[in-house]
Amino acid sequence: MKSNGQRLIKLSLALLLFITGCGPQQNILDEIRIMHTIGFDYIDDNHFRGTVTIPIYGSETEGETRTEIITDTSRTAKDIKVKLDAQSSKRLHNGKLQSILFDETFLQEGVSELVDTFLRDPKIGMRVQLIGVEDKSVLDLLDQTYPIEEHVARYINDLVDQNIEDQNIPKTNLHIYLARFYDEGADPFIPVVKEKDENLKVNGIMTFNEDRAVCKLSLRESFMMKLLLEELNDGGAIEIALDEDENEFTVLRNIMSEANYTFDFNDPSLSLQIDIDFKARINEYSGQTLSSSKLNEITSATKEQIENEAGALVTQLQENNTDPLAIGMHARSKGYDISNDDWDETYKNLDVNINADVTILSTGIEE
Amino acid sequence: MTKSNKVSDDLRRPKESLSEVFRACEKSQDFVRHTLTTQYEQTFTYTFFETMVDGQLFKEQILPVLQKGSFSTLRDVKSLIPIEDTEISADPIEIEKRLISGYIFIQFEKADPYGLLLRAPSVERRAVTVPEVEYSVLGPKESFVENLDVNLHLLRRRLKIAELTVENITVGSLTNTRVSVLYLSHIANSENVNTVLQRIRDIDYDEIIDSSYINQMIEDNKHSPFPQLLDTERPDRVASELSRGKVAVLVDGSPTAITTPTRFIEFFSAFEDYYLSWHIASIYRLIRLFAVLFSIFATSLYVAVLTYHTELIPMDLLSTLVISREDIPFPPIIEALFLELTIDLLREAGARLPSKVGQTIGIVGGIVIGTAAVEASLTSNILLIVVALSALASFATPIYRIGNTIRLIRFPFLIFAQIWGIIGITILSMFMIIHLLTLKSIGRPYLEPIFPPRSNDLRDAFFRLPFSLQFKRSTYVQPEHGKRFSIRELLNKNEDIDEHID
């Protein structure tokens, strides 16, 4: 028993020697400033402006909690932290960073240099959201209060999360961005927000080629991409126009869908068949009654519109040489070699055929 | 090792003659030594300690016989006196021992080297009362008392078989305490029994005041904060442990029994678990285990997260935490130590004070100190909730001893949380688990059924499965007979009531 105890003590002392270097830096909660959002504006080739939002928590004496911003210009991404810290009374802490914003020019010029600094920091979570800002500088967007939510950082983050979770934006975050960025057979995409009256609005997604945004997709196109990318399980909504002159339309909800990718490798130019299995419930119908013939009409209209719009989307992506659908990854997973240089060319000329299999599950309660 | 080798025996030299015994006794004023002359001109010298002897018995049953009779030998006296336990002895050691434990010594002449010993002790016994430490709403309301014979009676009444064996050992060179080791001879593993007997015989100490002395002296690892023997004041619990093949130790003068071998998990099972239906009992056990984990880790996690791991705090909790800590001048560790010590101080003060004053302490501590500390910005109110909850959780353990352990090991966790954050908590947890793995209870694994993993013993560990599934005794006890009842009979019993009616 005694020798056991002694061995334990010796072992623990030895272990203590090994882990002295592991002692983390103290970040006592009330002695740091927690950055919630960081945003970057493009100035010129060598300069950019960095902006962070930090919450100033009010106590009984200091009044309400408010959001403050700190901003400065810099040449490199490493330098900006120093310059921002120079303006802060407490050390800036990036462990709770939730979203990273870029203005439109930045997205077009390439973001990988900046994203790289976040990638290397273990304190940054992989669920951080990269977001594009349309029509406005990031500084202006952050330096503003919005009536719908008190804190701008929270607002932007929840807005994007909500749209990914329940609405039309396909799922993305820093992790997905990086995985697609480093993969030859896929390209990243990020959601875009813009100002709408007094509030903000998610206005579709930007898809990338390498680290440059090349193609902007609307909300409707984003949803088509979501259909092609993800397995929907009771989410999203789509409006189907039946007769535009008569203003006759229907809204389908609770969509369950799954897309299947089948390649035909015998075809010299490679052809791709995408089958969308689409099930939904009718949520809204502008006409009088839903007869079974009407139901057939809705089914075929839905099929037609999904096929057309998804087809147009794929063509648009091919033309811009961006592959957010990860068609390259699908091809590779089926055994096709995409590592050669002419994959880009193959992708551009890929013959994509989309087939939607639409089922209407229920038509709701009728009188 | 034989008894004569013990150091403490040499301190008291055994007396060689009867007069030496009387000389030692006469220094006490409760020692009575009188000579009585009867109507037949016969003299008797009677000797006893008046504080140990039943005076009424002496006056009513012994004195009249002596006064009326005419005796030629002590054997005549012995045959006439209506007391069963009598003995004629000339052994000074024996006579001393008997005098002390309430015998009356009768001689014809003062100088006689021999005399008659009559057993007439006065027994002060507390009534058997309701258990206070391990109270249960359901089930028997008897608890052990200080009198060993009463305690043995309580157990014999519950296990009415001849195989319930009681072995007595006297330990303590000054207290001469009677220690009884109980076991069911046909079920208990003889190795377990012999280990316990051997360890108790090897005890070399002058005073054995309570069973907790024995407990600490026969533990396998005496330096561990974890108790390795279970102590209980409930005779029903001891009876049940005995019937599973365990060994129980009862000590004269102590209202708690020790049972062994014991697993770690048993310290979190209240005996009431067996009186409730199995699902309810299982949930309560899980709640208790959760409470223990919470109690150990809650405060240290608070310190670790607030000091190092800000990114672990959910967004919605962030502002609450920051605001509650904003005006506090101390780092989280000082704040936490301050509150933990306050709570332990309150507990200690409450335990030492009479119950009426104890209530006042509760009010002063809970309401006045708690709220005032928050108002004065000495601690954050969130930490106050965490500390109070973890203190409460540590009291949810049914066995008092393990509750103390849990309160103690919170402090090293706090310090490690301050030094290395969650890494520190992980390191210390690993050490604790390794320590628990090495522990044994009289040679049987302490952490069973987790390690060594034994599925049979899981039936009554984290969960208490229904009695119909408890057909085997736990293997860690290594009982001589593992089977509790026949499963086939049970299956037959489950037939429908109208099965054989056509």
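Coordinate-derived values only; no laboratory data. Bear in mind that the values here come from a model prediction, so they are computed numbers and not experimental data. Cβ sites come from the backbone with ideal geometry, for glycine too, and all protein chains shown count toward neighbours.
Which pairs break 24 Å Cα to Cα here: B:K27/B:K110; B:K246/B:K440; A:K216/A:K279; A:K90/A:K123; B:K440/B:K472; A:K201/A:K226?
On the way: B:K27/B:K110 18 Å; B:K246/B:K440 15 Å; A:K216/A:K279 28 Å; A:K90/A:K123 18 Å; B:K440/B:K472 22 Å; A:K201/A:K226 18 Å.
Cα-Cα > 24 Å for A:K216/A:K279; rest within.
What do the square roots of 5 times the Cα gyration tensor eigenvalues come to for the protein assembly as shown, in whole Å, largest first, as semi-axes of the equivalent ellipsoid? List each step's numbers first, then the result.
Working: eigenvalues 1395, 234, 124 Å².
Working through the eigenvalues yields semi-axes of 84, 34, 25 Å.
Starting from the Cα coordinates of the range B:197-294, work out the convex hull volume and express it per residue in Å³. Intermediate values should be presented prior to the final figure.
Numbers: hull volume 11.0 nm³, N = 98.
Residue-normalised Cα hull volume stands at 112 Å³.
Packing order of peptides B:275-288, B:179-192, highest average first: B:179-192, B:275-288 (average count of other Cβ atoms within 10 Å over each peptide's residues). When the alpha-carbon atoms of chain A are used, the pair Rg, Dmax equals 25.3, 93 angstrom. The fraction of Cα-Cα pairs per 10 angstrom bin, counted from 0 for the range B:278-438, comes to 10, 35, 36, 17, 2 percent, rounded to whole percents. Dividing the Cα radius of gyration of the range A:231-367 by its Kirkwood radius returns 1.07 for Rg/Rh. The protection proxy used here, the mean number of other Cβ atoms lying within 10 Å of each residue, ranks peptides A:140-153, A:73-86, A:41-54 as follows, highest first: A:41-54, A:140-153, A:73-86.
Quantify how strongly other chains surround peptide B:323-331 by giving the mean number of their Cβ atoms within 10 Å of each of its Cβ atoms. Write out the running numbers ahead of the final one.
On the way: counts 7, 4, 6, 8, 5, 1, 0, 1, 5.
Counting other chains' Cβ atoms within 10 Å and averaging over B:323-331 gives 4.
Suppose every K and R has +1 on its Cβ and every D and E has -1 on its Cβ; what is the size of the dipole of the range A:29-217 about the Cα centre, in Debye to the nearest 20?
Numbers: 22 positive and 36 negative charges, 95 e Å.
For the range A:29-217, the charge dipole is close to 460 debye.
Give me the one-decimal Kirkwood hydrodynamic radius in Å for the range B:368-408, with the sum taken over alpha-carbon pairs. Mind showing how you got there, number by number?
Details: mean 1/r = 0.0887 Å⁻¹.
For the range B:368-408, the Kirkwood estimate is 11.3 Å.
Relative to the Cα centre, the charge distribution of the range B:352-502, modelled as +1 at Lys and Arg Cβ and -1 at Asp and Glu Cβ, gives a dipole magnitude of about 860 debye. Each listed q (0.08, 0.09, 0.13, 0.20 Å⁻¹) maps to a log10 I(q)/I(0) for the range A:29-217, found by the Debye formula over equal Cα scatterers with no solvent: -0.24, -0.30, -0.65, -1.59. Legend: mean number of C-beta atoms from other chains within 10 angstrom of residue C-beta atoms, peptide B:308-317, equals 5.
Averaged across the residues of B:426-435, what count of C-beta atoms belonging to other chains lies within 10 Å of each residue's C-beta? Provide the component values of the computation, followed by the final result.
Numbers: counts 0, 5, 1, 0, 1, 4, 0, 0, 3, 3.
The per-residue average across the peptide is 2.
Would you mind putting B:402-412, A:188-198, A:120-130 in packing order, based on average other-beta-carbon counts within 10 Å, highest first?
Numbers: B:402-412: 17.9, A:188-198: 20.0, A:120-130: 15.5.
Answer by packing, highest mean first, reads A:188-198, B:402-412, A:120-130.
The residue among A:L8, A:Y336, A:F208 whose Cα reaches farthest toward the positive pole of the charge dipole of the protein assembly as shown, with charges on the beta-carbon of Lys, Arg, Asp and Glu, is A:L8. Within the straight-line cut-off of under 19 Å between alpha carbons, the aspartates and glutamates reachable from B:K78 are B:D54, B:E60, B:E87, B:D91, B:E94, B:E109, B:D112, sequence neighbours fewer than 8 places apart in one chain being disregarded.
Please name which of A:L178, A:I365, A:N27 has its Cα lying farthest along the dipole of the protein assembly as shown towards the positive end, using unit charges on Cβ (Lys, Arg +1; Asp, Glu -1) and the Cα centre as origin. Farthest along the dipole direction, towards plus: A:N27.
Where the eigenvalues come from the Cα gyration tensor of the range B:142-225, what are the semi-axes √(5λ) of the equivalent ellipsoid, largest first, in whole Å? Show your work: numbers first, answer last.
Working: eigenvalues 100, 58, 30 Å².
Rounded to whole Å, the semi-axes are 22, 17, 12.
For chain B, the Cβ-based charge dipole about the Cα centre amounts to some 420 debye (Lys, Arg positive; Asp, Glu negative; other atoms uncharged). For A:K348, the aspartates and glutamates whose Cα comes closer than 12 Å to its Cα, not counting residues fewer than 8 places off in the same chain, are A:E319, A:D323.
Pop the C-beta distance of A:D44 and A:L8 into the FRET formula with R0 = 51 Å and round what comes out to the nearest 0.05. Don't skip to the answer; put the middle values down first.
Numbers: r = 63 Å, r/R0 = 1.23.
Step by step, r from the Cβ atoms, then E = 0.20.
The spacing between the range A:134-148 and the range A:68-132, judged by their C-alpha centroids, is 17 Å. Between the residues A:Y285, A:I255, A:L295, the greatest Cα displacement towards the positive end of the dipole of the range A:231-367, with unit charges on the Cβ of Lys, Arg, Asp and Glu, is found for A:I255.
How big is the C-alpha Rg of the range B:44-90 next to the rule-of-thumb value 2.2 N^0.38 Å, as a ratio? The partial results should precede the final answer.
Details: Rg = 10.9 Å, N = 47, 2.2 N^0.38 = 9.5 Å.
Against the compact-globule rule of thumb, the ratio is 1.15.
Phi angles across the range A:236-248 convert, under the Karplus curve 6.51 cos²θ - 1.76 cosθ + 1.60 with θ = phi - 60°, into 3J(HN,Hα) values of x, 8, 9, 9, 10, 7, 9, 8, 5, 5, 7, 6, 9 Hz, Gly and Pro given as x.
Can you check how the C-alpha radius of gyration of the range B:3-119 compares to 2.2 N^0.38 Å, as a plain ratio?
On the way: Rg = 14.9 Å, N = 117, 2.2 N^0.38 = 13.4 Å.
Dividing the Cα radius of gyration by 2.2 N^0.38 Å gives 1.11.
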